[in-house]
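Working notes, beginning with the structure itself.
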Amino acid sequence: MTSPVRLSVVIPTFNERLNIGEVLSRLEATLGDAGWEVIVVDDDSPDETASLVREIARTDPRVRCLQRIGRRGLSSACIDGMLASAGPVIAVMDADLQHDESILPKMLAEIELGNADVVVGTRYAIGGSTDGWSRGRAVMSRIATAASRGVLKQHLSDPMSGFFMLRRPVLDATVRDLSGLGFKILLDILTTVTGPLRVTEIPYPFRERVAGESKLDGLVIWEYGMLLAHKKVGRYLPVRFLAFSIVGGLGVLIHMTALALMLKGLHTSFPAAQSIATVIAMTGNFALNNVLTYRDRRLRGWAWLRGLVTFMVACGIGAVANVGVATYLFESRAQWALAGLAGVLVSAVWNYPVTQLYTWRWR
Ligand code: GDD
Ligand code: MN
């Protein structure tokens, strides 16, 4: 009989085959026989991180692999991993050795002694550091931290941390209301909690990544904006719809630019120019929605092409409805601008759910 689980460690991975073995053996070295389990949540990494984890799990039942297909996202991976775990205390930690696993026992003690509900590994308090960061990344991280003050009740030095531990009841109380968007799972949890919460921070030096590469790219800024928007207006308006509408607005700009170029520059006939501009704008909208609105279900390869076709068919029908409604209103003597806007609204309200169902459907 092994000792009961006191701590569940959730580790999200994407292409971490070179690191995961080392992380697991360091966990063993730090936690020994304290009663722990680890759940690695892998989003079907092309480097087959998942099969390596399963190989390790075969001889170590404390290790499990949760492999997700057709989904991407650090936050949602952490949520799924936490839900698959059993311990009364849960830690979330990266797989790339940047988070210092040696503070886990200290973090656990804080919770087990009843001093805290959440313990955060911080890079920004005395004793914490971010050596080797580019100036750009350091500044970005500071700005994002400052922006979080608008949605955060507690004062934390590092609310963006991806390294933290919590009592299971904190998860139970928030999990149904988490946005699950983007990278910032801790921020998501902290801004969802309603009751009082005791948070302790423990500093650690954020190590440099040695093997593999970071999955953070320019779009994390966008995802972060979506998370903040979800916290501010998510109750009234789904942020995906917001993103879809923003992309739609950009699509109008693309359309008008293409139209102007063809009419003025190439002297194309109006019907031809308008048709080509429509195709360009639709393709642009599809591509933008694919990376911005549906980043977690992003289509690639043949699926991208199939997605484009379903998107065009859906939006084509939306356009017919748009013109129908607008024309009807215009003919019943509504103002031209109002009639036009009503038409646009009809197509947005049609295009959004229909493309969500057919183009970016859950697999
Ligand atoms: N399952 C899954 N799905 N895992 C992912 C995904 C994904 O889409 N994207 C990244 N990961 C995993 C990586 O494999 C790694 O284990 C961990 O999440 C962090 O990803 P990195 O790409 O290494 O992020 P980072 O080092 O730039 O930033 C991390 O540390 C910061 C400081 O604690 C993140 O945890 C940030 O959120 C955090 O602020
Ligand atoms: Mn990292």
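The values are calculated or read from the model by the stated rules, or taken from the named source; none is laboratory data. Predicted, not measured: the structure shown is a model, and the values here were computed from it. So basically every Cβ, Gly included, is an ideal-geometry build from the backbone, and we count neighbours across all protein chains shown.
Listed here are the residues, each with its yes/no results for (1) loosely packed, with under 13 Cβ neighbours inside 10 Å; (2) not small (Gly, Ala, Ser).
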{"site": "Ala303", "(1), (2)": "no, no"}
{"site": "Met312", "(1), (2)": "no, yes"}
{"site": "Ala319", "(1), (2)": "no, no"}
{"site": "Asn322", "(1), (2)": "no, yes"}
{"site": "Ala326", "(1), (2)": "no, no"}
{"site": "Gln335", "(1), (2)": "yes, yes"}
So, Val119, is that one in contact (Cβ under 8 Å) with a residue 60 or more places away in the chain, outside any loop (DSSP other than H, G, I, E, B) and buried (at least 19 other Cβ atoms within 10 Å of the Cβ) or not? yes
Look through segment 291-315, keep the residues that are touching a residue at least 60 places away in the same chain (Cβ under 8 Å) and assigned to a helix (DSSP H, G or I), and return whichever of them is farthest from Arg71 (Cα to Cα). Val291
State the number of residues belonging to segment 220-268 that are within 27 Å of Ile143 (Cβ to Cβ), hydrophobic (A, V, I, L, M, F, W, C) and not in a helix (DSSP H, G or I). 1
Based on what the data block shows, is Arg209 among the basic types (Lys, Arg) and either more than 17 Å from Ser161 (Cα to Cα) or touching a Cys at 6+ places or on another chain (Cβ under 8 Å) (or both)? no
Among the numbered criteria (1) in a helix (DSSP H, G or I); (2) over 20 Å from Arg176 (Cα atoms); (3) within 16 Å of ligand 2 (Cβ to nearest atom), which single criterion is violated by Cys78? (2)
Restricting segment 160-180 to residues that are surrounded by fewer than 24 Cβ atoms within 10 Å (Cβ to Cβ) and not in a helix (DSSP H, G or I), the one farthest from ligand 2 (Cβ to nearest atom) turns out to be Arg167
Residue that is modelled with the lowest pLDDT [pool: residues in segment 182-200 that are in a loop (DSSP other than H, G, I, E, B) and surrounded by 24 or more Cβ atoms within 10 Å (Cβ to Cβ)]: Gly182
Determine whether Tyr236 is within 17 Å of the chain's Cα centre (by Cα) and of a type in the set (Phe, Trp, Tyr). no
Which of the residues that make up segment 297-339 are acidic (Asp, Glu) and under 16 Å from Leu357 (Cβ atoms)? none
For Ile189, work out the one condition from (1) closer than 16 Å to Phe163 by Cβ; (2) within 12 Å of ligand 1 (Cβ to nearest atom) it doesn't fulfil. (2)
Mind listing just one residue for me: the one in segment 95-121 that is under 19 Å from Asp33 (Cα atoms) and of a type in the set (Val, Ile, Thr) and, of those, farthest from ligand 2 (Cβ to nearest atom)? Ile111
So which pairs qualify, if the first residue must be in segment 38-50 and in contact (Cβ under 8 Å) with a residue 60 or more places away in the chain, the second must be surrounded by fewer than 19 Cβ atoms within 10 Å (Cβ to Cβ) and among the aromatic types (Phe, Trp, Tyr), the Cβ gap must be under 6 Å, and the two must be at least 6 apart or on different chains? none
Any residue that is within 15 Å of ligand 1 (Cβ to nearest atom), under 18 Å from the mean Cα position of the chain (by Cα) and touching a residue at least 24 places away in the same chain (Cβ under 8 Å) - is there at least one of those in segment 147-154? yes
Of the conditions (1) within 16 Å of ligand 2 (Cβ to nearest atom); (2) at pLDDT below 95, Ile69 fails just one. Which one is it? (1)
Would you pick out the residues in segment 1-47 that are assigned to a loop (DSSP other than H, G, I, E, B) and within 16 Å of ligand 1 (Cβ to nearest atom)? Phe14, Asn15, Glu16, Asp43, Asp44, Ser45, Pro46, Asp47
For segment 208-222, state whether one or more residues are more than 14 Å from ligand 1 (Cβ to nearest atom) and either touching a strand residue (DSSP E or B) at 6+ places or on another chain (Cβ under 6 Å) or modelled with pLDDT of 90 or more (or both). no
Filter result for Arg64 (surrounded by 15 or more Cβ atoms within 10 Å (Cβ to Cβ), in a loop (DSSP other than H, G, I, E, B), away from ligand 2 (no atom under 15 Å from the Cβ) and not small (Gly, Ala, Ser)): no
Among (1) more than 16 Å from ligand 2 (Cβ to nearest atom); (2) touching a Leu at 6+ places or on another chain (Cβ under 6 Å); (3) of a type in the set (Gly, Ala, Ser), where does Gly195 come up short? (2)
